[in-house]
Structures are given as C-alpha cells and as structure tokens.
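*Asks:* Okay, here's the structure, questions in a sec.
Please treat every number below as a calculation from the coordinates, not as lab data. Model, not experiment: these values are computed from the prediction. Neighbour counts run over all protein chains shown; Cβ positions are idealised from the backbone, glycine included.
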Amino acid sequence: MSGSDNRSEMSEDEELPDLGGDATHSSNSTAVSGGGGDQNYVSPSPDQVLENVLENVLCFLTSRRDRNAASLVCKSWYRAEALTRSELFIGNCYSVSPRRVTNRFRLVKAIAIKGKPRFSDFSLLPPDWGAHFGPWLSAMARSYRALEKLYLKRMSVTDEDLAIAAHSFPILKELVMVCCEGFGTSGLASVASECRQIRVLELMDSDIGDDEEDWISCFPDNVTCLESFIFDCVEAPINFEALEQLVARSPSLKKLRLNCYISIGQLYRLMIRAPQLTHLGTGSFSPLEIVAQGEQELNYFSAFAACKSLICLSGFREIIPDYLSAIYPVCGNLTSLNLSYANINAEQLKPVICQCHKLQTFWVLDSVSDEGLQAVSAACKDLRELRVFPVQALEDAEGPVSEVGLLAISEGCRKLQSILYFCQRMTNAAVVAMSKNCPDLVVFRLCIMGRHRPDHITGEPMDEGFGAIVKNCKKLTRLAVSGLLTDRAFSYIGQYGKLLRTLSVAFAGNTDLGLKYLLEGCPKLQKLEIRDSPFGDSALFAGLQHYYNMRFLWMSSCKVTRLGCEEIARQLPGLVVEVITRDREENETSEYVDTLYMYRSLDGPRADAPRFVHIL
Amino acid sequence: MEGYSRKDEGCPQLLDLIPKEKEWLTKSAEEKQTRNGSSEEKQLELRLGPPNGDWTIKNKNISREKDHESLLPFGYFSPWSSSSGYQVKSQKQTTPFLQAHGQLKESSQPNPAKTAVPNSSSSSSAQKRTAPTPVVGWPPIRSFRKNLANGSSSKPVSESQNAVGSKISSEKPIENSPKNLLVKINMDGVPIGRKVDLKEHDSYEKLSFAVDELFRGLLAAQSNFSAGGIKNDEDGGKAITGLLDGSGEYTLVYEDNEGDRLLIGDVPWHMFVSSVKRLRVLKSSELPTLCRGRKHGKRSLDTSPK
C-alpha cells in the first residue's frame, strides 16, 4: 500500500544521557599485562572484553527502542551501541542536527527521516516552510558513504540533492520517498543512472515535476537487480519501450506500480514479461489508445491468470469498469486491493469482492456506497484495514456511504484493526457498535465531512460514539475525530485513551477543558494535531509537563495567543516553538496565532526558517 | 522521552502562571456564553479565512468567482516555482475529458457557455453546489485524490505509445513572470513536448505558425526515423497547416485552467491567453473518434467533481 505510516512508534530522543555518576570504570583503562608466558601478549582488561562482547551482542538488537534503552545503561554501553547501530530513525528532521547524528552514529546503513507535519498535506502549511533534505545529505555524504537504504517522508528534496545522493552513496540499494516534493524527473534520472545497485526505488504520493526527462532510459543496461519499482505518483509520460526492457531484464522484480500514463495494453505487455510479480499497480487500466476497429482486444484475463504470485493489486487510475473482470483470476489470492482511484458502483464491485476471501487490506471510493460495503462485509472476513475515500471531497454533497456501511463492516469484519472512513452522515450507534464488534482496532479515523455535524438520527453530538471507541478498543493508538463534539468527548479520550499516540482533532470541543483532558489524560500522546478548535492558552499550559515527551503539537486556527506561546517557549527551552502567521490586511488583526507548531529539539531553533515563521 | 527529565523544573514555574492564567480564564468565560452551536461556529468562521493564505484573495465574496471557491487556495505542490505564490486551484467543473467546443455531438453533457465564458458558466453551477464556505484543507484529502468524480480523468486518448496526457490534479506550474507566458505543447506522434511563449504572439494565426515551426522538423525526423531514415530531401519536412480550422491533418487544441479541452479560436485571444494551461496538436482524424472511444468510461457528469 502506498503511504501508510508503519512507523507509528514514538520518536526517540537521541540525547546524550546524563550519566553524572556512572558506576563503571572507564573502559579506556589500559590493558594490564596478564599472566602467561608471552611477554608481548597484552590481555585485554575486563572492561575491554565486556565492550567487545557487547558490541557483538548489540548487533542482534534491532529495535530502536531496545537500543535506546541499552544506550542509557552506562557510557560504555552508550558507546558500543552508537558504534553498532546501523539503522536510524529521525522522526522530526528538526529535532536534532545532522551533525550531532553523524557524530554519534558512525556506521549507518539505513536512515529514515521525516520532515513536515502531516497537516502540510492539506495545504495548511505554506510552501517553503522547510524540511530540506540538503543539510542531511551534506552530513551523510561525508559520514555515511556506505549507505544502503534511504527513506524520506514529507521532505523537500531537490534535483540537485538527488544527483548528489546518487553520487555519494555508490552502494545505495533502496530509495523510498513518500509525500516528498521539490524535485522532478531530472532528479530521478540521476538516481537511475548512477545508483547501480538500486534494488528498491519507490516514489509514493509525492509531487514530482515533469522535466520531460526520459529517466527510465537512464537505468543502465547492466542493472538487473531491481526488485521493487513504484512510480505511480509520477505525473509524467514515460518511455514505454525503455520500461519494457527494464522489466524484461529484472528477473527479481516483485513489485511494480505503474503510473496513469500506462495503458492497459501496455500493462499487458509488462505483465507477460513479469509473471513473478507479487505487487502490481496497474496504471490507468484503460486503453488510452484507440482500439482500432477490428483489432482484437488483448486477453487481459490470461495475463492476470499467469501472475500466480500476485497478492497486492492497486492502480486503476482511470478504470474502464468493463475491464475489471480481468482481475478475477487473482482475486482469490489477494491480500491487498486498492481501488481508491476507481469510481465504480456497488454492482461493479460485487463480482470482484465476493472472490476476495483472503483480503486483509482494502482501499475503496465511497462510490460503491453502503451496498458495496455490505458486500465487503460479507466476503472479506479477514479484513484488517479498510479505507473509504470520498469521490467528492465536499462538505455538502450527497454522500453514498453512511452509518449503514460502517455498521455492516463492523459486523462482518471482526478482525478489523485499522479504519479510515469518510462520510457525510454518521450515528453514535454505529460507532458504538464498531467499538464492540471490532475490539482489535488500533487505528480509528472517522471523517464526517460536514463540520460540526451531529448524529444525524438523534441530533446529538458524536461524543458517545468516540467515547465508546476509546473505551472498548483497548489497543487503540491512533484516533481522528470529527463531527459535532463537546468537551465531553475529550474527557472520554483523556480517561480511556491510555495508549493513544496520535490524535487528530478538527472543528471540535467547546472550551479549554477539551485540550486539558487530552494533555493531562493521555500519557503516551506523541503527535497531536488540532485545527479550528476553541482551545486557548490555559489549555496549552496544561501540557507543560508533557511536551518534552511528544514529537510535536500542532494547533492552527485555535485560540492560542502569541503571549501564551512565548510563555511556553520560555518555560521549555528544549522546545522549538514556531508561530506561523499569514499575511494580513492593515485592518485585519487577530489576537490569536494562526498556526502554532512546536516540537522538542536538541539543537535549538533551525536556521532555515522562512520569513513567515517566527521562532519564539 | 527519558532524556527529558525536566518535570521538576516545570512545576514551580507553573504556580507563577496562575495569575496569568486567570486572565485567559476570564476570556474563555466570556466565550463560554457563546459556546453553543451556531454562534460559536460563527466565531470560528470569522477567524477562518484560510489560515495560511489565499494570499491572493482579500475579500470574502467567495461564492461568486469560480477561482475563489477553492478548497485548496495554496498552489499545492508547486515548490519549484514558489515565487508564483499561492495559486488558487479552481474546482473542477463537469468536464468530459475532451470537450472540443461544438465538435462533440455525442457529448452527453451540453455545456454551451463553457468555452465562451468559462467563468460565468462554472460559477453558476458552483453556486448551487455548496452552502458552507469552503475551508482550506477540509475535508482532509490530499490533492491527488481529488477530481475523481468522472470515471476517467480528462486524460486524452494516446497519440503514440507514450501517452502524453495530463491530469487536472497535476497542473504543472507555468512560468508566470511578466516577461513571458510559456505553455507546454505536445503533438501526436512526437514523444518530446515543447514549450511556446504565448507572449510572443498576439493572434491565433501567429500561434499556428509557431507551432508549425516548432514541430515540423521533429515530425519529419520522426517519420524519417520510422521509415528507416531513408530520405530527407525537404529541408524541415512538410508544413503543418490547417491547425485552426480542422482542414489539416492536425488540429490545435488547448486545455484551460479548468482542465477542459477546447478547440483553438473560439474566444478572443486575450481571453485564451488568460485561461490556457497547455496546448496540444492532435490528429484531426481522431477528434470525433476520441469521444466515442471514451464514452463508456464516462460517469454521470452532473456529479460535481473534486
């Protein structure tokens, strides 16, 4: 699946632990010559032995939380851990400077860096806010020449960055960019031509400019190790012949996701060259060319039938629904199906979905309506993740899905762990039912698109529904709320949401109490994003004891004042408090800040803040 | 996390906040009275001009002009032309993928006013659609997930194996500096697109001439190549004529800022220049068939897009 954030664990604080009186001896103690005949042999000190052993043992520790814990034991453990950690995760690119990272960790093979806050995806952050990959690249180009894996999310990357990266990391094997922007096909050309060992190249949900560069042709002929090639978000035509040849010479290719410029005829040609695929993004799924009269339609059905390993299907960017039956041969094996670009109705969905017995992940448009969701509920008993996107992302539209669909899903898909559901109307009863039917829910994101919309049958706020979710779903770590919500909803969340790490709030709440409940009640809260809710300074102060434990707090169009923000900044010097203001007319003043974005940082305010960002 | 053990420092200072806190509390007490329902909402709405811009829009008369009824006033995803400011993304109107004005008899969506006066036709359909003022970034859908109302996007039917379509949601930034107005232009059968500066021309005739100049050589090279590169006795190949009236082998069409595809020449030049986003040179023979080919992919066109 594209873009899903698997790294939901909290970001770790990379700070040097304060070990004022650590108990160990210095491990730099010189070796004492031990007993034994050989005068030249200097047996290592016990501490040295321990450190050697430690380094070898630590290699087996992969989880970064475990490693963080190990690094806090004592200085020698800290050192050993730093020397052996090969995978880095930087949850907020501004929380720590690149230099500090490269100073501490010397042997890094894989790094993941995340930049902008999530609300930037919805245009709530002006462009040029930051999250530039450049500074990280400079540091890494010096220190991590043996880098093999690079993962970037919501970073601003330029073509030049990509050229430098391609040049600096000769054995780069994996490059994954999610929700990035700032570069174009020229940057991709650099990567294709210089990263000779590239096995994984995945571009997801990123905005990539069309520099009219034939980047596919840039993969050298002798590069044959490609395993995963995902470029469905690249909105530019590509050289199909070059792609076909690339696929033909990549016997290890398992994942291929094509962009919308690939016609179904071209898809056919690729599929017959790569029947070993496990993950396929079908591109347009439409004959972009005119099928000349008399010319036979290709047998797409047989092409799918030949792909016996296919378990994940996506694409369908411009689907002609008639062609959907071609995928029947693989439905029974699919664990993941993404139809979220396919504007199809229930009747068109049913013959497909009824065959997808093994489906665990399903993304779809609400065009299938409640009836389509009922079909899903009946067929996909193993479903773990469901996302229902709106065809019309408007507040006042008709809305083909409702509480009926949600209820059906909850009744049929008992193993559900993650749901994202856009709708126009909802009831508390359906949400409560889901909380009881699906106790394994880890992620619950309900977006009732009309702001402040109550339960459409009872007219009541949606407090009880969300309250039931936090109360009954004991594994819940991520929650997004919507609809008409009073402070009571937040009291429930504060009371029951003990494992909650990510919370998204919009147009909700009555008073500061709402936010206070959250900040005082949810000890694991890491990422809190709030927009257009009436929370002010006193609520902000309620979180003082918690902000250092969080990755960030975002509040836009709330009732926080500049003075309040300054006070926070004063109280918590380890926080970077960014206030982002939009231009205003002369007569237009507001006592409230437009956007507050604050996050902990080891290295203080960033130097690259644009003029509309004030760091307090 | 563990590194930040500063709780002790925080507590005493909290007490200092109490006097200040009282100020904020009295403020919120006032607001409590307006807590319920619409007045609160109104309060919120007053502050709610898009929080970070709509830099280009100062007045609140939003519902009138099509351009302003946008859910995404930011020029999203145009980082490399950041100087262009916050382009207002217009809502996609009912758009069959190819709406060559007057040409599509089979088109099921009559929209006669469209090409002539894009603004008024769209604003009339826009007005009846939504009551609440659109808000930036709400609902929280990423831009590439919008414009799905039509079953197929307004991609053109491919001319060559390299389908050179363009999706509405991926408006490429056009250099909007006052000196020039560059728009991309692609031609059937030629994989490489070009750019043409509309400021250099002041009429359709001149544009047509420029297009001929741009592509004549390329087209000749293309056909020579496919013919084995045997002959090339003419200088630059055959002239490309009849672009404007449908009489030639190729016809010039353009895509406007709503993503509709229209024939060149129907509107006054200056109006064309202000709304054109991209140019295409299509094979004249394919124009009527294109519609036929795409018809069964079309959805009901009165569902509002975006």
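*Asks:* Hey, got the average number of other protein chain Cβ atoms within 10 angstrom for residues in A:114-124? Don't skip to the end; give the middle numbers.
*Replies:* Values: counts 0, 0, 0, 0, 1, 3, 3, 6, 12, 20, 9.
The shielding value for this peptide is 5.
*Asks:* Which order do the peptides A:42-51, A:567-576, A:197-206, A:532-541 come out in when sorted by mean C-beta neighbours inside 10 angstrom, highest first?
*Replies:* Details: A:42-51: 15.1, A:567-576: 18.4, A:197-206: 20.3, A:532-541: 25.4.
Per-residue mean Cβ counts within 10 Å order the peptides as A:532-541, A:197-206, A:567-576, A:42-51.
*Asks:* Starting from the coordinates of the alpha-carbon atoms of region A:378-488, obtain the Kirkwood hydrodynamic radius over all distinct pairs and give the value in Å to one decimal.
*Replies:* 13.7 Å is the Kirkwood radius here.
*Asks:* Here's something else I'd like to know. Beyond 27 Å between alpha-carbons counts as too far, so tell me which of A:K516/B:K146; A:K255/A:K524; B:K146/B:K277; A:K75/A:K498; A:K114/B:K146 fall in that bin. Write out the running numbers ahead of the final one.
*Replies:* Working: A:K516/B:K146 35 Å; A:K255/A:K524 36 Å; B:K146/B:K277 19 Å; A:K75/A:K498 33 Å; A:K114/B:K146 25 Å.
Violating the 27 Å limit, Cα to Cα: A:K516/B:K146; A:K255/A:K524; A:K75/A:K498.
*Asks:* Would you kindly state how much longer the chain becomes between A:N52 and A:L83 on full extension, computed as 0.36 nm times their sequence separation minus their alpha carbon distance, in nm to one decimal?
*Replies:* In short, 10.0 nm is gained.
*Asks:* Mind checking A:530-540 for the average number of partner chain beta-carbons within 10 Å of each residue's beta-carbon? If you can, show how the numbers build up before the last one.
*Replies:* On the way: counts 0, 7, 10, 1, 8, 1, 5, 8, 9, 2, 1.
Mean shielding count: 5.
*Asks:* Then there is this: With r as the distance between the Cβ atoms of A:D322 and A:I272 and R0 = 22 Å, compute the FRET efficiency 1/(1 + (r/R0)^6) and round to 0.05.
*Replies:* Numbers: r = 21 Å, r/R0 = 0.95.
With R0 = 22 Å, the Cβ-Cβ based efficiency is 0.60.
*Asks:* Is there a quick way to get the dipole size of region A:120-212? I mean about its Cα centre, with the Cβ of Lys and Arg at +1 and of Asp and Glu at -1; what is the value in debye to the nearest 20?
*Replies:* Values: 8 positive and 15 negative charges, 139 e Å.
Around 660 debye, computed over region A:120-212.
*Asks:* Then there is this: What is the distance, in nm, between label points placed 7 Å from the Cα along the Cα-to-Cβ direction at A:C354 and at A:Q197?
*Replies:* Going from the A:C354 label point to the A:Q197 one covers 5.2 nm.
*Asks:* Which percent, to the nearest 5, of DSSP beta bridges fully inside chain A are antiparallel? Could the numbers behind the result be given before it?
*Replies:* Details: 14 of 89 bridges.
The antiparallel fraction comes to roughly 15 percent.
*Asks:* Here's a follow-up. Expressed as a rounded percentage, what relative contact order does region A:168-238 have, with Cα pairs under 8 Å and six or more residues apart? Don't jump to the answer; show the numbers that get you there.
*Replies:* Working: 134 pairs, mean separation 26.2, N = 71.
Relative contact order here is 37 percent.
*Asks:* Gain in length, A:R106 to A:E347, computed as 0.36 nm per residue apart minus the alpha-carbon separation, to one decimal in nm? Working shown, then result.
*Replies:* On the way: separation 241, 0.36 × 241 = 86.76 nm, distance 5.72 nm.
That works out to 81.0 nm of additional length.
*Asks:* While we're looking at this one, here's another question. Suppose every Lys and Arg Cβ carries +1 and every Asp and Glu Cβ carries -1, with no other charges. What dipole size does region A:222-284 come out with about its Cα centre, to the nearest 20 debye? All intermediate terms of the calculation are to be shown ahead of the outcome.
*Replies:* Details: 6 positive and 5 negative charges, 43 e Å.
Here region A:222-284 has a charge dipole of around 200 debye.
*Asks:* Assuming a ≥ b ≥ c are the square roots of the Cα gyration tensor eigenvalues, decide whether chain A counts as rounded (a/c under 1.5), prolate (otherwise, with a/b larger than b/c) or oblate.
*Replies:* Working: a/c = 1.67, a/b = 1.13, b/c = 1.48.
Oblate, because a/c is 1.5 or more while a/b does not exceed b/c.
*Asks:* Can you find, among A:A609, A:M204, A:L394, the residue sitting farthest towards the positive end of the charge dipole of chain A, where Lys and Arg contribute +1 and Asp and Glu -1 at Cβ?
*Replies:* A:M204
*Asks:* Turning to a different aspect of this structure: Using all alpha carbons of region A:53-94, what is the percent of pairwise distances in each 5 Å bin, ordered from the shortest bin to the longest?
*Replies:* In order of increasing distance, the bins hold 6, 24, 35, 21, 9, 5, 1 percent.
*Asks:* Assign one of three labels to region A:211-283, namely rounded, prolate or oblate, based on the Cα gyration tensor with a ≥ b ≥ c the square roots of its eigenvalues; rounded applies when a/c is under 1.5, prolate when it is not and a/b is larger than b/c, and oblate otherwise.
*Replies:* Working: a/c = 1.57, a/b = 1.11, b/c = 1.41.
Verdict is oblate for region A:211-283.
*Asks:* Normalised by the residues of region A:324-448, what does the relative contact order come to in percent, with Cα pairs under 8 Å and at least six apart?
*Replies:* Details: 276 pairs, mean separation 26.4, N = 125.
Relative contact order here is 21 percent.
*Asks:* Of A:H132, A:L553, A:F119, which is farthest towards the positive pole of chain A's charge dipole, taken about the Cα centre with +1 and -1 on the beta-carbons of Lys, Arg and Asp, Glu respectively?
*Replies:* About the Cα centre, the residue reaching furthest to the positive side is A:L553.
*Asks:* Give me the one-decimal nm value for the distance between modelled label points at A:E411 and B:E200, 7 Å along each residue's Cα-to-Cβ direction.
*Replies:* Placing both labels 7 Å beyond Cα along the Cβ direction yields 6.7 nm.
*Asks:* Order A:154-160, A:433-439, A:599-605 from most to least packed using the mean count of other Cβ atoms within 10 Å. Each step should come with its number before you reach the end.
*Replies:* On the way: A:154-160: 21.3, A:433-439: 19.4, A:599-605: 17.4.
Taking the mean over residues of other Cβ atoms within 10 Å, the ranking is A:154-160, A:433-439, A:599-605.
*Asks:* Separate question: In percent, what relative contact order does chain A have, based on Cα pairs under 8 Å that are 6 or more apart in sequence?
*Replies:* Values: 1427 pairs, mean separation 37.8, N = 616.
Once normalised by length, the contact order is 6 percent.
*Asks:* Note down the nm distance, to one decimal, between modelled labels 7 Å out along Cα→Cβ at A:A378 and at A:S302.
*Replies:* 3.3
*Asks:* What FRET efficiency, computed as 1/(1 + (r/R0)^6) with R0 = 51 Å and r the Cβ-Cβ distance, is obtained for A:F60 and A:E460, rounded to the nearest 0.05?
*Replies:* After rounding to 0.05, the efficiency reads 0.40.
*Asks:* Taking the Cβ of A:C59 as the centre, find all other residues whose Cβ is under 15 Å away and add up their charges (Lys, Arg: +1; Asp, Glu: -1). Numbers along the way, then the final one.
*Replies:* Working: positive: A:R64, A:R67, A:R79, A:R85, A:R106, A:K109; negative: A:E51, A:E55, A:D66, A:E81, A:E87.
With Lys, Arg at +1 and Asp, Glu at -1, the neighbours total +1.
*Asks:* What does the structure give for A:444-454 when I average, per residue, the other chain Cβ atoms found within 10 Å of the residue Cβ? Intermediate results must be reported in sequence, preceding the final value.
*Replies:* On the way: counts 0, 1, 0, 4, 1, 4, 4, 8, 6, 0, 1.
Taking the mean over all residues of the peptide, I get 3.
*Asks:* Another question, then. Amide H neighbours of A:L339 under 5 Å, at least 5 residues apart or on other chains, H built in the peptide plane: list them.
*Replies:* A:W363, A:V364
*Asks:* Quick one: putting +1 on the C-beta of Lys and Arg, -1 on the C-beta of Asp and Glu, what dipole do you get for region A:255-360 around its Cα centre, in Debye to the nearest 20?
*Replies:* On the way: 8 positive and 6 negative charges, 109 e Å.
The dipole of region A:255-360 has a size of about 520 debye.
*Asks:* Separate question: Quick query: amide H of B:K277 versus all other amide H atoms, modeled in the peptide plane; which residues come in under 5 Å with a sequence gap of 5 or more or a different chain?
*Replies:* When sequence neighbours closer than 5 places are left aside, the close amide H contacts are B:E255, B:D256, B:N257.
*Asks:* Taking the mean number of other Cβ atoms within 10 Å as a proxy for protection, how do you rank A:399-411, A:339-351 from highest to lowest? The partial results should precede the final answer.
*Replies:* On the way: A:399-411: 22.3, A:339-351: 20.3.
In descending order of packing, they fall as A:399-411, A:339-351.
*Asks:* Then there is this: All other residues with a Cβ under 12 Å from the Cβ of A:P170 taken together, and with Lys, Arg as +1 and Asp, Glu as -1, what is their net charge? Working shown, then result.
*Replies:* Numbers: positive: A:R145, A:K173, A:R196; negative: A:E148, A:E194.
Residues close to A:P170 contribute a combined charge of +1.
*Asks:* Can you give the extra length, in nm with one decimal, that the chain gains between A:N222 and A:S43 once fully stretched, where that is 0.36 nm per residue apart less the Cα-Cα distance?
*Replies:* Answer, rounded to one decimal: 59.4 nm.
*Asks:* Within a Cβ distance under 11 Å of A:L406, other residues only, what is the Lys/Arg minus Asp/Glu net charge? Walk me through the numbers before you get to the answer.
*Replies:* On the way: positive: A:R425; negative: A:D370, A:E403, A:E411.
In short, -2.
*Asks:* Follow-up question, since we're still on this one. Could you give me the ³J(HN,Hα) list for region A:42-49, computed from phi with Karplus coefficients 6.51, -1.76, 1.60 and θ = phi - 60°, whole Hz, x at Gly and Pro?
*Replies:* 10, 6, x, 5, x, 5, 5, 4
*Asks:* Can you give me the long-range amide H partners of A:R600? Hydrogens built in the peptide plane at 1.01 Å from N, cutoff under 5 Å, separation of 5 or more residues or another chain.
*Replies:* Result for A:R600 returns A:V576.
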